[in-house]
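Chemist: Dropping a structure here in structure tokens format, bear with me for questions.
The values are calculated or read from the model by the stated rules, or taken from the named source; none is laboratory data. Because the structure is predicted, anything quoted here is derived from the model rather than measured. Backbone-built Cβ (ideal geometry, glycine too); neighbour counts: all protein chains shown.
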Amino acid sequence: MKRKFGVIISALTVTSLMLSACGGQAPAQAPSENKTPTAPAATENKPAPAPAAKPAASGGKVEIFSWWTGAGEEAGLQGLIKLFKEKHPDIEVINAAVAGGAGTNAKAVLASRMQGGDPPSAFQVHGGAELNTGWVAAGKVSPLNDLYDQQGWKSKFPKDLLDLVSKDGNIYSVPVNIHRGNVIFYNKKIFDNNGVKAPATFDEFFAAADALKAKGVTPLALGDKEPWAATMLFENILLGKLGPDDYNKLWTGNLAFDDAKVKDALETFKKTLAYVNKDHAARNWQDAAQLVAKGEAAMNVMGDWAKGYFTTDLKLKPNEDFGWVTTPNTGGDFMVITDTFALPKDSKDQASAKEWLKVLGSVEGQDVFNPLKGSIPARIDADVSKYDVYGKATIEDFKKSKLTPSLAHGSAAIEGFATQANQIINIFVTQGNVDQALKSLKQAAEANGIKK
Ligand code: GAL
């Protein structure tokens with residue numbers, strides 16, 4: 001890892017729980033599911049037998065809050081729950097997942113539960129601003145320093161990752177994975193049949209897109225029914241146009257949102273939108289990824305949970321059915337998305353919750369979860385042989401890439417800004433007004449305290 005970005009996160013302004021956790025916005029729709037545990041999904045990576053040592057907690061209850069439901073999301077969680085139950089048959093597990101990609105609905109449900117004094121035992125939260133300027137600043141989560149010391153974890157996670165889950169010398173959550181956000185997944189047969197090569201630059205991307213369009217193939221699948229998917233496409237273009245140093249400067253106010261490079265990125269984003277499927281606004285991320293899986297579109301820019309969806313759910317083979325390449329001009333960069341779990345201060349049965357965190361932070365837990373989820377382990381000592389060719393390559397890339405935090409997935413900026421950016425990008429996708437979008441982004445940054 002070459003770039004330490006923890007500083008960026010802690011430099012952001014601290015605001016209230018309402019601003020940071022809810023973004024002042026009600027969920028787009030009522031949460032559709034509040035799942036109770038179902039039978040564990042079939043997993044290829046069978047967890048090892050439970051150790052002989054007796055767990056500390058007994059007869060307790062743990063309620064796990066996440067947004068991992070359905071296609072491509074749930075299998076990893078179920079793998080973890082299965083492992084936890086093997087280790088703690090006496091602790092009841094409640095899976096309180098709320099459907100909606102990137103926490104679209106879950107974050108608002110969580111905020112109202114936390115405010116209403118009904119916190120879950122442990123909840124999914126992205127490392128970075130979402131954790132630190134949200135729940136930590138609001139005083140709602142417990143420091144986990146003792147747990148880290150007891151488990152010897154401080155030397156087991158990359159320092160940059162620990163910085164993302166720390167504030168003022170305390171560690172506040174346990175990272176279970178690292179997802180990469182700057183990836184194009186493509187249908188290999190479509191590329192091969194049309195003589196198209198994986199694009200490395202913007203010029204190559206548009207040349208490939210033109211060639212595919214000329215053959216009647218939809219070049220790029222987008223599913224921005226939940227607006228974060230369009231923000232994600234845009235942030236990867238931003239990274240490609242600005243480079244990692246200037247991209248990182250955006251989040252500390254050291255580069256203004258009306259900079260000429262941001263304008264260039266927005267114009268390129270607009271150009272890119274001319275190559276997407278017409279029904280993008282009606283699809284979620286899985287529906288868009290499925291277009292590539294079925295050969296109805298050639299490429300999809302998505303975090304590598306799409307890889308989990310392809311291999312775990314759809315049983316596609318990497319390098320046979322689908323290929324991948326970093327988004328244009330980001331070959332040496334790694335857009336980091338890390339899922340972590342935090343412990344609410346006033347939750348009941350903290351002992352059982354800590355047992356859950358121990359499983360999440362263990363090598364065994366990470367190696368059950370990540371091969372199914374499409375992510376790489378957060379720990380540095382995980383068993384690389386458990387990962388497929390994509391996972392192995394990504395583990396290596398992480399070590400040598402420049403790291404950049406994702407805006408669409410909570411790490412780069414305070415939740416209030418992320419919410420407004422989603423709205424601005426959503427309007428831009430339909431109206432295409434570059435100057436208006438630049439002005440709105442700049443105003444939103446100022447309003448949310450993103451300044452030098
Ligand atoms: C991200 C999360 C991933 C995946 C994705 C799509 O925010 O970090 O684990 O769940 O949303 O829902």
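Chemist: Would you mind stating whether I425 is surrounded by 24 or more Cβ atoms within 10 Å (Cβ to Cβ), away from the ligand (no atom under 15 Å from the Cβ), within 22 Å of G181 (Cβ to Cβ) and among the aliphatic types (A, V, I, L, M)?
Modeler: In short, yes.
Chemist: If you don't mind, there's one more thing I want to ask. Condition first: away from the ligand (no atom under 16 Å from the Cβ) and either touching a Pro at 6+ places or on another chain (Cβ under 6 Å) or closer than 22 Å to W285 by Cα (or both). Now tell me which residues in segment 72-86 satisfy that.
Modeler: Residues satisfying the conditions are K82, L83.
Chemist: What pairs come up if the first residue lies in segment 163-176 and is in the same structural domain as P143 (by TED's automatic domain parsing), the second is assigned to a strand (DSSP E or B) and among the charged types (D, E, K, R), and their beta carbons are under 6 Å apart, counting only those six or more places apart or on different chains?
Modeler: Filtered contacts from segment 163-176: V176/D339.
Chemist: What residue, among those in segment 381-395 that are crowded, with 20+ Cβ neighbours inside 10 Å and of a type in the set (S, T, Y), is farthest from the chain's Cα centre (by Cα)?
Modeler: Looking at the filtered set, the residue picked out is Y387.
Condition check ((1) more than 30 Å from P377 (Cα to Cα); (2) in the same structural domain as K107 (by TED's automatic domain parsing); (3) out of contact with any helix residue (DSSP H, G or I) (no Cβ under 8 Å at 6 or more places or on another chain); (4) of a type in the set (V, I, T)) across all residues:
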| position | (1), (2), (3), (4) |
| --- | --- |
| E226 | no, no, no, no |
| G243 | no, no, yes, no |
| Y247 | no, no, no, no |
| D258 | yes, no, no, no |
| K270 | yes, no, no, no |
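Chemist: If you scan segment 343-380, which residues turn out to be more than 18 Å from I81 (Cβ to Cβ), buried (at least 24 other Cβ atoms within 10 Å of the Cβ) and away from the ligand (no atom under 16 Å from the Cβ)?
Modeler: Within segment 343-380, none qualify.
Chemist: Quick test for you: out of D168, D146, D163, pick the one residue that is acidic (D, E) and under 15 Å from L357 (Cβ atoms).
Modeler: After ruling out the rest, the residue left standing is D146.
Chemist: Just name the residue that is farthest from the chain's Cα centre (by Cα) out of those in segment 184-210 that are aromatic (F, W, Y) and closer than 20 Å to A306 by Cβ.
Modeler: Applying the filter and picking the extreme gives F191.
Chemist: Looking at this structure, is D146 under 24 Å from the mean Cα position of the chain (by Cα), away from the ligand (no atom under 16 Å from the Cβ), outside the structural domain of T327 (by TED's automatic domain parsing) and modelled with pLDDT of 95 or more?
Modeler: The answer is no for D146.
Chemist: I've got another one for you. Answer with yes or no whether I450 is under 25 Å from G103 (Cα atoms), among the β-branched types (V, I, T), in contact (Cβ under 8 Å) with a residue 40 or more places away in the chain and more than 16 Å from the ligand (Cβ to nearest atom).
Modeler: In short, yes.
Chemist: Right, next: Among the residues of segment 389-409, how many are within 14 Å of the ligand (Cβ to nearest atom) and hydroxyl-bearing (S, T, Y)?
Modeler: 1
Chemist: Out of segment 130-153, which residues are touching a residue at least 12 places away in the same chain (Cβ under 8 Å) and either closer than 15 Å to L360 by Cα or touching a Phe, Trp or Tyr at 6+ places or on another chain (Cβ under 8 Å) (or both)?
Modeler: Answer for segment 130-153, where residues must be touching a residue at least 12 places away in the same chain (Cβ under 8 Å) and either closer than 15 Å to L360 by Cα or touching a Phe, Trp or Tyr at 6+ places or on another chain (Cβ under 8 Å) (or both): L131, N132, W135, V136, V141, S142, P143, L144, L147, Y148, Q151, W153.
Chemist: Restrict the check to segment 316-325 and report whether at least one residue is among the polar types (S, T, N, Q) and touching a Leu at 6+ places or on another chain (Cβ under 8 Å).
Modeler: no
Chemist: Picking from P219, P244, which residue would you name as being buried (at least 20 other Cβ atoms within 10 Å of the Cβ), out of contact with any Pro (no Cβ under 7 Å at 6 or more places or on another chain) and in a helix (DSSP H, G or I)?
Modeler: Matching residue, one of P219, P244: P244.
Chemist: Looking at segment 190-197, can you tell me whether even one residue there is surrounded by 24 or more Cβ atoms within 10 Å (Cβ to Cβ) and either not assigned by TED's automatic domain parsing to the domain that holds R113 or not aliphatic (A, V, I, L, M) (or both)?
Modeler: no
Chemist: Answer yes or no as to whether L131 is buried (at least 18 other Cβ atoms within 10 Å of the Cβ), closer than 18 Å to A378 by Cα and away from the ligand (no atom under 16 Å from the Cβ).
Modeler: Taking the combined requirement at face value, the residue does not satisfy it.
Residue by residue, here is whether (1) more than 19 Å from W153 (Cβ to Cβ); (2) surrounded by 18 or more Cβ atoms within 10 Å (Cβ to Cβ) holds:
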site: L316; (1), (2): yes, yes
site: T338; (1), (2): no, yes
site: F341; (1), (2): no, yes
site: D397; (1), (2): yes, no
site: K400; (1), (2): yes, no
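Chemist: Same structure again: Looking only at segment 89-113, which residues are surrounded by 24 or more Cβ atoms within 10 Å (Cβ to Cβ) and away from the ligand (no atom under 12 Å from the Cβ)?
Modeler: Listed by number, the list holds a single entry, L110.
Chemist: Across segment 147-165, what is the total count of residues that are farther than 21 Å from D397 by Cβ and surrounded by fewer than 24 Cβ atoms within 10 Å (Cβ to Cβ)?
Modeler: The qualifying residues number 9.
Chemist: Sticking with this structure for a sec: For D287, are the conditions met, namely being surrounded by fewer than 20 Cβ atoms within 10 Å (Cβ to Cβ), in contact (Cβ under 8 Å) with a residue 24 or more places away in the chain and within 16 Å of the ligand (Cβ to nearest atom)?
Modeler: Here the answer is yes, as D287 does meet what is asked.
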